[in-house]
Amino acid sequence: MPYPLCLADLRVPPSLIAQHPLSQRDDSRLMLSSRQGTEIGHHRFNELPGLLPRAALLVLNNSRVIPARLTGRLPGGRAIEVLLVDELASGRWNAMVKGARHIKPGMRLNFAQGALAAEALTRHADGRWELAFDDPHTMRQRLEVHGLAPLPPYIRRENGDSGAGDRAAYQTCYARHDGAIAAPTAGLHFTPRVFDALGARGIEWVELTLHVGAGTFRPIQVEDPEDHVMHGERYRIGAETRRRIAAARDAGRPVIAVGTTTVRALESWAAAGFPEETDGVAELFIRPPHAFLAVDGLITNFHQPASTLLLLVAALLGAERTRAAYDEAIARGYRFFSYGDCMAILPSS
């Protein structure tokens, strides 16, 4: 099926790309849409508890972003920057490298003014380098001290330094399990007071883990999405989460995913037949038309044009209505992408 024409010419004005989060996360704007209706509502995120059905079960992705970006220098002093994308073994990583053409196998790379060092081992066909870091047993602790937040390329920082503020801001308040190199950004809007309000209304939530990878930013560059090679992301759904989701579905209660990463995990699990063993890799490419088996609604940020995430939203809301929602968000000055505002796509009552 070709890329939906109604989304093909979508453009987001650069002025609407959020460069910083709001000082109070849950003050972000919230666009409300129904999967069945056509009306669009406009709210603040802190109103979400009163907008959700009382019987809803929220599912959140508790993956924690690691400070996976490092700046350093080659032996001759030339500056480089790496993004650690996949840990192969203790201290050994596949990495995306800026300035890779100057690296040779066996070369020593120094990062964070010598706090971390690695040997360049092999360059793969996709351009990534395999790096072996010194003292692998303490590498994670040093990375926590000296690594930078792996902000997406559309968020600009002077001298590329994201600083401690982004280290905290580019993380959900419920992040628990290390492994992501991009934040599950729909969760950035949640705060303790939002969870308190959810609890006061009797709305339940559970957690799963999907480690977001660099592939989440890879655009669709082919005319037919069938030809797009979908990235895989590791996920785990624990026994208690499985039990409570099954109970909600048996009772006819709506399951609302917080973030497209959560949708990918749940729908991959469902496509496999809801197995008890749920350590796996989500490789499912969700796009129109898609019959959702586990998810009834979605809370999500506004995504980049020509992205797999935008097609996932279109699969749930419909391509035409997705375009209409994005056009209205642009007209009303909503903030876009990782640090931006969000939308809720809910089942009709």
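The values are calculated or read from the model by the stated rules, or taken from the named source; none is laboratory data. Everything numeric in this text was worked out from a predicted model, so none of it was measured. Counting neighbours? That spans all protein chains shown, and the Cβs are built from the backbone with ideal geometry, glycine included.
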Can you run down the residue pairs with Cβ atoms below 9 Å, 6 or more apart or on separate chains, where the first is in region 189-201 and under 12 Å from residue 54 (Cβ atoms) and touching a residue at least 40 places away in the same chain (Cβ under 8 Å) and the partner is of a type in the set (A, V, I, L, M) and part of a loop (DSSP other than H, G, I, E, B)? 198/52; 201/52
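Results for (1) in a helix (DSSP H, G or I); (2) over 25 Å from residue 219 (Cα atoms); (3) touching a residue at least 24 places away in the same chain (Cβ under 8 Å), shown as yes or no for each residue.
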site	(1), (2), (3)
117	no, yes, no
125	no, no, no
137	yes, yes, yes
141	yes, yes, no
144	yes, yes, yes
151	no, no, yes
154	no, no, yes
165	yes, yes, no
172	no, no, yes
If you go through 262, 300, 308, the only one that is touching a residue at least 60 places away in the same chain (Cβ under 8 Å), hydroxyl-bearing (Ser, Thr, Tyr) and out of contact with any Ser or Thr (no Cβ under 9 Å at 6 or more places or on another chain) is 262
Go through (1) over 16 Å from residue 80 (Cβ atoms); (2) touching a Gly at 6+ places or on another chain (Cβ under 9 Å) for residue 148 and report which single condition fails. (1)
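Taking the criterion of being assigned to a helix (DSSP H, G or I) and at pLDDT below 95, would at least one residue in region 174-189 satisfy it?
No; the residues of region 174-189 include none that is assigned to a helix (DSSP H, G or I) and at pLDDT below 95.
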Filter result for residue 37 (in the same structural domain as residue 303 (by TED's automatic domain parsing) and either of a type in the set (Val, Ile, Thr) or modelled with pLDDT under 95 (or both)): yes
Between a first residue in region 28-40 that is without any contact (Cβ under 8 Å) to a residue 24 or more places away in the chain and a second residue that is in a strand (DSSP E or B) and among the aliphatic types (A, V, I, L, M), which pairs have beta carbons less than 9 Å apart while being 6 or more apart in sequence or on different chains? 39/32
Looking for something within 23 Å of the chain's Cα centre (by Cα), free of Cβ contacts under 8 Å to residues at least 40 places away in the same chain and part of a strand (DSSP E or B) - is there at least one such residue anywhere in region 82-90? yes
Tell me, please, whether a residue that is in a loop (DSSP other than H, G, I, E, B) and in the same structural domain as residue 203 (by TED's automatic domain parsing) can be found in region 256-266. yes
Only unsatisfied item for residue 300, checking (1) over 17 Å from the mean Cα position of the chain (by Cα); (2) polar (S, T, N, Q); (3) buried (at least 20 other Cβ atoms within 10 Å of the Cβ); (4) not in a helix (DSSP H, G or I), is (1)
Restricting attention to region 306-340, report how many residues are touching a Pro at 6+ places or on another chain (Cβ under 8 Å) and assigned to a loop (DSSP other than H, G, I, E, B). 6
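Rundown of residues vs (1) surrounded by 16 or more Cβ atoms within 10 Å (Cβ to Cβ); (2) within 30 Å of residue 185 (Cα to Cα); (3) among the polar types (S, T, N, Q), yes/no style:
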site	(1), (2), (3)
63	yes, yes, yes
74	yes, no, no
81	yes, yes, no
88	no, yes, no
119	no, no, no
127	no, yes, no
141	no, yes, yes
Long-range neighbours under 6 Å by Cβ, at least six apart or interchain, first residue assigned by TED's automatic domain parsing to the domain that holds residue 44 and surrounded by fewer than 16 Cβ atoms within 10 Å (Cβ to Cβ) within region 327-341, second part of a strand (DSSP E or B) and of a type in the set (Asp, Glu): none
Residues being surrounded by 12 or more Cβ atoms within 10 Å (Cβ to Cβ) and hydrophobic (A, V, I, L, M, F, W, C): count how many of those fall in region 143-168. 5
